[in-house]
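Values quoted throughout were computed directly from the atomic coordinates according to the rules given, and no laboratory measurement underlies them. Treat the numbers as computed from the prediction; the structure is a model and nothing was measured. Cβ placement follows ideal geometry from the backbone for every residue including glycine, while neighbour counts extend to all protein chains displayed.
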Amino acid sequence: MTDLTRHFQFMSTALFVGYKALLNNETPVSCIVTKDDEVLSIGYNYTNISLNGTKHAEFIALERLNGSADYSELTLYVTVEPCIMCASYLRQLGIGRVFYGCGNDRFGGNGTILPINTDEKLPHKTYSSIGGICRTEAIQLLRNFYIQENESAPVPKVKKNKNIEEKEFPANTTNLSKAEFIDFYGDTRWEAFTDGQEITPLIGEGYFIRNFINIDDVKKIPYLEQELGVIDSNQIEAFSSLFYEITANGHVNYEQSVDKYLHKKRKTK
């Protein structure tokens, strides 16, 4: 596929939902559900406030539809690879396709730990899952959460390494075979990927996430403002300031200055 711009727009929207969740002391793992060119629903981790470990983004987003949709026609954009529990849930529903930002190296259910989405021995229809879109942004948003101090922990730990603006990103990986990768991303991106480059919307062109976020569009996202608070232009800018630009040659511009979210200590209740 030559032009991935729309996929980056949708993933940027999912990341902004995660940022709004971060402002509400939640883990910034988030998703949107789309059909054709429309956002139908959003989800974000709600485990800290609810004290319910099953309140993951994918469950919340799809439960809103109340079974009214043909799930095979839906696409889920989620910032982090679905965990094993969510991957099984998506398969049981019969989701059409999943795009995720970064891999989940502890609980990934779409190939990093277990290939729940493609395992032919399991019941229910398999579904395709493609990672790597806005990968660095998904990682950076998580880093901004994990440098917060949890005041509700029995023995609160002082986070020693808060200099996330000085950390480089781990090497890019994929759960796709070479053939699967090329089938979606194309030969040119495979060559760039194996050379250590990030995936970009257009071949030979860099990007900055600010270019994909429009305040008028995000204000139209269902449930977002009603549940996570009013959106203004200052929030859009604060969100964008957390991320690095990706250059035309597919590398992270580490010389760019980025902000970090350290406005308040994290609380669970």
Regarding the chain, what whole-number volume in Å³ per residue does the convex hull of its Cα atoms give?
131 Å³
In whole percents, the bins of 5 Å from zero upward hold the Cα-Cα pairs of segment 176-269 as 2, 11, 16, 15, 15, 14, 13, 10, 4, 0
Quick one: dipole size for the chain, taken about the Cα centre, charges +1 on Lys/Arg Cβ and -1 on Asp/Glu Cβ, in debye to the nearest 20.
1260 debye
Of 75-88, 32-45, ordering from highest average Cβ density within 10 Å down gives 75-88, 32-45
Along the positive direction of the dipole of the chain (beta-carbon charges: Lys, Arg +1; Asp, Glu -1; about the Cα centre), which of 79, 194, 29 reaches farthest?
29
Cα pair distances in segment 1-135, grouped into 10 Å bins until the bin that holds the longest one, percent each
13, 47, 35, 5, 0
Among all the aspartates and glutamates, which ones have a C-alpha under 17 Å from residue 55's C-alpha, if same-chain residues fewer than 8 places away are not counted?
26, 63, 81, 227
Where Rh denotes the Kirkwood radius from the mean inverse Cα pair distance, what is Rg over Rh for segment 58-182?
1.04
Share, in percent, of DSSP beta bridges within the chain that are antiparallel, nearest 5:
60 percent
Residue 107 neighbourhood, Cβ < 13 Å, K/R = +1, D/E = -1, net charge -2
